[in-house]
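Just dropping this structure here.
The values are calculated or read from the model by the stated rules, or taken from the named source; none is laboratory data. Keep in mind that this is a model prediction, so the values were computed, not measured. With ideal geometry, Cβ positions are generated from the backbone for all residues, glycine too; neighbour counts draw on all protein chains shown.
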Amino acid sequence: MTSTSAIRKPALLATAAIAFALVTSGAPAKEKPKEHANTPSAAYEPSMNTLSQIKVEIPGRKPDDPVMTADEYQQANEIYFERCAGCHGVLRKGATGKPLTTDITRENGYEYLRDFITYGSPAGMPNWGTSGQLSEKQVDMMARYLLLDPAPPPEFGMAEMKKTWKVIVPPEKRPTKKMNDIDIDNLFSVTLRDTGQIALIDGKSYQIKTVIKTGYAVHISRISASGRYLYVIGRDAKVTMVDLWMNPPAPVAEVKIGTEARSVETSKFKGWEDKYAIAGAYWPPQYVIMDGNTLEPLKVESTRGMIYDTQEYHPEPRVASIVASHFKPEFVVNVKETGKVLMVDYSDIKNLKTTEIEAERFLHDGGFDRTGRYFLVAANARNKVAVIDTKEDKLVKVIETGGVKPHPGRGANIIHPKYGPVWVTSHLGDETVSLIGTDPVNHPQYAWKVVETLEGLGGGSLFVKSHPGSNHLYVDAPLNPDAEISGSVAVFNIDQLDQENPQPTVLPIAEWAGIPEGQPRVVQGEFNQAGNEIWFSVWNKKALTSAIVVVDDKTLKLKHVIKDKRLVTPTGKFNVYNTRKDIY
Ligand code: DHE
């Protein structure tokens, strides 16, 4: 085991990552040094890859429009959606970045835009030109493109969805009992990001049971309450429903619910198990409730509307995380740009009732506390976490996390020796790991406060993980620029968290994987059903070898390395039991 001191570079990204791809007012920073270019935060802004593929035309010309061919406009539009829309919005009306509508860009003029794109700004706009990511020609093209009106991408309503909806195996033709010998509850669905596939891996033998084609740049998997069906979402907004009873498990239905999406979930409340699925889109800004058995789209709801605090209209509020309430027949839908949490009552979708909770802008990912009652969601660009009471349908509190850009995944629930039950998040922008008290009944003095902060390995952390049976808290740092850090995981001993300045053990996971090529990043720990081992993805470039490293949770020793040529760019892993029961 490597010692912590050798690897730790605590404040590595604290300042560099404070701002993430924001265009601020003021002049471009011509003197901007190269290292200001792409912080982990900037690199982690959404890329609208599938939206970029749509064909667009130059909107009606204005007399003083710059000259641009249709082909150039198309190319510039692709670059814009892939690199800029995540911050500045598909319609250029602004998100975490400033608006780039033509009233503003024309006021600033071509040269200003060209320099801004070339050199970036100290506040976080990447230096696309001087970093070499865009050529001089491309920068010139982008500056001219921004002086023209944007071409709004098409909507995607029920008619379009129905055209993509396929029931591959109708319910009546599906098996009536489990046809395979797989221990489904200990199966892992592993995202193979760059091949648009998932691998289903047996939690005991570590064998790949099957590989299934899913949507483009597939993102996450969620499991139906019964554990039989697996729902997967691609960034192209394609939902794939897999029947785990089939031999081998295979897709039984699919549908596209938009052009860009990130989240999917299924109904979990008693009496509603497996009844509905829901998916949320980045574009168009909407969520869709589907039949849980066939994926037939039943209800499409737009999220366009007013920002919770300024009460100004936002044209494209993206749907971020979605979870299913355990207390009511409700989905908890988190809307990024308007900062609202929607409690969508699915008990009567013909007369849909939604409770709209004011939370905080830029909601992203989150998870439940250990009781399953409180949902904690990161408003990452605001350095805050909002706590939602899913029993009362109310905001409990918005908490400053004390770090830069919290990114919990679903977070981790542990019992702190002093503060009782706490929920944990790490941060993209710095090394802070924040522990938030979650027990208003037995530990009211600590509830909804950051009771302790730990130092992880550095900025660029994406996920934390623990398990009720484990005495460890695991913190990754895959987006840290330092290869040694991004290839390692920090592990805190929960029993020792009441000691002064608890130090983690550092596990050199990438080294254990024994991959000589590339700079693989170690990402997202996921426990097996028993909670006695934790799996980490060793995520390399598409053409290079990747792996999954299995760690014994008791001894923190290497238990197994899964290597297989089908394991291309593994990232998220979803253990069937833990995912359907919200254990993390
Ligand atoms: Fe994710 C969850 C959005 C990039 C791996 N990611 C989420 C969720 C959202 C989101 C909204 C919560 C879903 C939910 O719970 O319903 N992710 C985005 C982005 O917008 C972003 C920043 C950029 C993009 O263009 O997509 C992005 N995500 C990534 C990655 O690059 C990761 C590391 C690798 C990959 O496979 O794409 C990645 N995201 C994950 C994982 C989860 C996730 C593994 C689920 C964590 C969990 O524990 O549930």
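So, restricting to strands (runs of 3 or more DSSP E) that lie completely within the range 369-415, which ones have at least 1 residues that are among the charged types (D, E, K, R) and within 19 Å of the chain's Cα centre (by Cα)?
Ranges flagged: 384-389.
Looking at Pro329, Pro297, which is the one that is away from the ligand (no atom under 12 Å from the Cβ), in contact (Cβ under 8 Å) with a residue 60 or more places away in the chain and within 26 Å of Asn49 (Cα to Cα)?
Only one candidate passes the filter, namely Pro297.
How many residues are farther than 21 Å from Glu526 by Cβ and free of Cβ contacts under 8 Å to residues at least 40 places away in the same chain when one looks only at the range 202-259?
Here the count works out to 1.
Moving on. Six or more apart or on different chains, Cβ atoms under 8 Å: show the pairs whose first residue is in the range 167-180 and in a helix (DSSP H, G or I) and whose second is polar (S, T, N, Q).
Once the first residue is in a helix (DSSP H, G or I) and sits in the range 167-180, its partners that are polar (S, T, N, Q) give Pro171/Asn293; Pro171/Thr294.
When the range 476-510 is examined, which residues are found to be of a type in the set (Asp, Glu) and touching a residue at least 60 places away in the same chain (Cβ under 8 Å)?
Scanning the range 476-510 gives Asp476, Asp482, Glu484, Asp495, Asp498.
Filter the range 304-336 for residues that are over 21 Å from the mean Cα position of the chain (by Cα) and within 19 Å of Met290 (Cβ to Cβ); which is surrounded by the fewest Cβ atoms within 10 Å (Cβ to Cβ)?
This residue is Pro329.
In addition: Please go through the range 474-504 and pick out each residue that is farther than 17 Å from Arg521 by Cα, part of a loop (DSSP other than H, G, I, E, B) and not aliphatic (A, V, I, L, M).
Within the range 474-504, Asp498, Gln499, Glu500, Asn501, Pro502, Gln503, Pro504 qualify.
A follow-up question, please. Quickly run through the range 312-326 and pick out the residues that are in contact (Cβ under 8 Å) with a residue 40 or more places away in the chain and either away from the ligand (no atom under 12 Å from the Cβ) or in contact with a helix residue (DSSP H, G or I) (Cβ under 6 Å, 6 or more places away or on another chain) (or both). First the steps, then the outcome.
Just the residues of the range 312-326 that are in contact (Cβ under 8 Å) with a residue 40 or more places away in the chain, to begin with: 314-316, 318-326.
Result: His314, Pro315, Glu316, Ser325, His326.
Can you tell me which residues in the range 195-251 are among the hydroxyl-bearing types (Ser, Thr, Tyr) and in contact with a Lys or Arg (Cβ under 9 Å, 6 or more places away or on another chain)?
Thr195, Thr214, Tyr216, Ser221, Ser224, Ser226, Tyr231, Thr240
Listed residues Ser470, Ser461; which is crowded, with 23+ Cβ neighbours inside 10 Å, within 16 Å of the ligand (Cβ to nearest atom), part of a loop (DSSP other than H, G, I, E, B) and among the hydroxyl-bearing types (Ser, Thr, Tyr)?
Ser461
Out of all the residues in the range 341-368, which are within 16 Å of the ligand (Cβ to nearest atom) and part of a strand (DSSP E or B)?
Val341, Leu342, Met343, Val344, Leu363, His364, Asp365, Gly366, Gly367, Phe368, listed by residue number.
Tally time: how many residues in the range 370-402 are touching a Leu at 6+ places or on another chain (Cβ under 8 Å) and either crowded, with 23+ Cβ neighbours inside 10 Å or among the β-branched types (Val, Ile, Thr) (or both)?
The number of residues fulfilling the criteria is 8.
Select the strands (runs of 3 or more DSSP E) contained entirely in the range 200-267, then report the ones holding at least 1 residues which are in contact with a His (Cβ under 7 Å, 6 or more places away or on another chain).
229-233, 260-266
Output the residue which, of all residues in the range 494-511 that are within 13 Å of Glu455 (Cα to Cα) and more than 26 Å from the chain's Cα centre (by Cα), is surrounded by the most Cβ atoms within 10 Å (Cβ to Cβ).
Leu497
At pLDDT 95 or above, under 23 Å from Phe188 (Cα atoms) and of a type outside the set (A, V, I, L, M, F, W, C) - does that describe any residue in the range 489-506?
The answer is no; no qualifying residue exists.
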